Structures are given as structure tokens and as C-alpha cells.
1. Going by the structure shown, is K155 within 21 Å of A179 (Cα to Cα), part of a strand (DSSP E or B), in contact (Cβ under 8 Å) with a residue 40 or more places away in the chain and not β-branched (V, I, T)?
2. In segment 226-253, which residue that is among the β-branched types (V, I, T) and closer than 25 Å to T180 by Cα is modelled with the lowest pLDDT?
3. Every residue in segment 162-188 that is open to solvent by 20 Å² or more (accessible area, probe 1.4 Å), assigned to a strand (DSSP E or B) and not small (G, A, S), please.
4. Please indicate, with yes or no, whether at least one residue in segment 153-176 is out of contact with any Ser or Thr (no Cβ under 9 Å at 6 or more places or on another chain), closer than 18 Å to R234 by Cβ and modelled with pLDDT of 90 or more.
5. Name every residue in segment 140-152 that is loosely packed, with under 15 Cβ neighbours inside 10 Å and assigned to a strand (DSSP E or B), in order of residue number.
6. Under the condition of being among the aliphatic types (A, V, I, L, M) and open to solvent by 30 Å² or more (accessible area, probe 1.4 Å), which residue from segment 192-213 is modelled with the highest pLDDT?
7. Could you pull out the residue among K212, K186, K142 that is over 16 Å from the mean Cα position of the chain (by Cα) and under 25 Å from T126 (Cβ atoms)?
8. Inside segment 214-244, can you point out the residues that are loosely packed, with under 15 Cβ neighbours inside 10 Å and in contact with a Gly (Cβ under 7 Å, 6 or more places away or on another chain)?
Amino acid sequence: MKTLSLFLTLTFVFSALCYAETRDFTDTSGKQITAELVAVRGDEVTIHMNGKEFTLPIGKFSEEDATYIREWAEANPAPAASAFKSSDLTVSIQKEVDRIRQEKKEDYKDSTGKSSGKLKDSFDQTQNSEKYMVKVSNTVSKEIPDLKITYTLYKLVRTKTTGEERSSSEDLEEIEGEATAPILEKLAAFEFTTDEVVLTKSEKFEAKTGNKTTLDEEIWGIIVKTYSGDTEIRVDCTPNGLIEKVASYKEKGKE
């Protein structure tokens, strides 16, 4: 954060590359600068001058300018969409997988422990848990306020039965969540872990009917959206192409 000494001792010439709307501000000692308001948070105001942003206490401005700043804050409660770009952030997503359970039960033997030669019921199941580590990094020298990250995990569930009964089904489940931080400091990072999702793969055989039922669950991936307040900054996903894959799946479901 720049100190007030810059405000009091330097005169800034506003570049043609900066924002178009400007205002002359005066501090409590009578010094003047030309700048544009960017954001107001509490008793501090962020201004844009000469291609850079500075955060200063509102109390250091003249009474007239302080009134203007607070009125501007009421009319502009959220940062402008143009204040942050997708390139201001980097987002990394890493999947973690853990084996949590394996169960197998077969009944091919008689009461003496010898093979009966007849098929009996059997059941085979494995379960894994999957979650994602998400890291959002601020790559620029300005704070990003009201950081919010929403995510959607896509879990595909397939079931199939063969034998006397034949059926199959497929469903794409959406598991949503979010994480927030009041402010993402300049050149800082925010990390969080998504909810854990349990995935089951199983096969059940019923000797009496000859039916075999299989269950297969898998995570397609995750879509992560990053916001400052209500302003969407960027959208990320893993694996690549997941957004198009989900959209195509939903479109086929409408046919």
C-alpha cells in the first residue's frame, strides 16, 4: 500500500492510457492531484493515478472530496467489471484420490468348506474418495475484494442389470460448493479443499435369478468460477474440455 507522502509531495500527470473520467482531489493541507475513484472499502478509498493504484484514508481528503467519495461509494457499491481481468489471477486445481474401502464376498462352498460346484450369490465392491485442492493466486499489485469461488463437481452414475431382469440408467450429478475471502491481498494466494465425494464400483450376482447388477461412479471433473463481489473474473476447469463435454451431455438429454 502506498503511503500518504506520495499524495502530499508528488504531482501526477494523468496518462492518456488511463481511465477517461477524472477529478481533481484536494487533501486536508491543500495539495491537489488528478485521479479516478476505483473502490471504497470502509474508511479507505482506492484511486487510479498515472497508471497506478493507491489506497488512502478518506479522512486525508478535504471535507468536500470526502463527501463526494462517500456519495460515489453509495452509487457504486461493487467494483466495476473492468477493474479486474482474467489475467489478474491464476487458478491451479489438483485432484486427490484415496482408497477407502474394498469388499468382496463370494459363496461357492458348502457347510463343510468344500466347493459345492454350484454358483451362489456374490458381491464385489470398491470405494474411493476424491476431492480437489484449489489455489487462487493474485498476480498483480492490487487487492481483489469480496473474493468468492464457486465450484461444481460432475459425478456420472451408471447402473446396469443383466439376466432375467434387464435395465440400465445413467445420471450426471452436480455437487456444488463455494469458498470466500473478504480480500485477496496483492500477490497473495487463497487455497481451499472441495467437499469429498465417495465413488463406488460394485458388482452383485444373484444365483437364483441369474441377475448381475453393476454400479459404476466416476468424477468427470470440476468447473471453478472466481468472482469479486457479483463480478465474474474467470472460469477454469479440469480436465480441459469439461465445459463443452457437460454442455453436450445435457443437450443430448433434451433430445
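The values are calculated or read from the model by the stated rules, or taken from the named source; none is laboratory data. What you see is a predicted model; the values in this text were computed from it and never measured. No Cβ is skipped: glycine too gets one built from the backbone with ideal geometry, and neighbour counts run over all protein chains shown. The accessibility values were calculated without ligands, DNA or RNA, using every heavy atom of the protein model including side chains. Shrake-Rupley method; radii C 1.70, N 1.55, O 1.52, S 1.80 Å.
1. In short, yes.
2. Across segment 226-253, the extreme among qualifying residues is T231.
3. Across segment 162-188, the qualifying residues are T162, E170, D171, L172, E173, E174, I175, E176, E178, T180, P182, I183.
4. No: zero hits.
5. Step one: filter segment 140-152 for residues loosely packed, with under 15 Cβ neighbours inside 10 Å, giving 140-141.
Listed by number, the list is empty, since nothing qualifies.
6. Within segment 192-213, the match that is modelled with the highest pLDDT is V198.
7. K212
8. Passing the criteria: only P239.
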